[in-house]
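Only the coordinates and a few stated rules stand behind these numbers; no lab work does. Please read all numbers here as calculations on a predicted model, not as lab measurements. As a convention, Cβ positions derive from the backbone with ideal geometry for all residues, glycine included, and neighbour counts pool all protein chains shown.
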């Protein structure tokens, strides 16, 4: 077995992120998370998202925090297999990299190629939700 197949995710990161996002019921909350993390386009500030949605940046921050807490709880309770499977892949890759890595380097290893901003955002998002990983 080659190194390429050993580090390839068992679940596609893009699909995994879509599965997690589908757990968010309200469209406005989905919009906040996808724009804040840059999951489909560029990352946006609290102020930019607030202007788009007609709310204050502080309210965007509060909603983002609440949504992430709910998603982390869902991941811990096993309501999404994608996070659990991707977490294993991320932890394995981190172990091979000395247990710490920048998101860009981790994403490059997981994808086995130089990654773009959206791919790095997917890795950062999953790492944020994964109960056993620590993102700093």
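Do you know which residues across region 96-131 are without any contact (Cβ under 8 Å) to a residue 12 or more places away in the chain and outside any helix (DSSP H, G or I)?
Within region 96-131, 98, 99, 100, 101, 102, 113, 114, 115, 116 qualify.
Would you pick out the residues in region 108-121 that are in contact with a helix residue (DSSP H, G or I) (Cβ under 6 Å, 6 or more places away or on another chain) and closer than 17 Å to residue 43 by Cα?
Residues satisfying the conditions are 115, 119, 120, 121.
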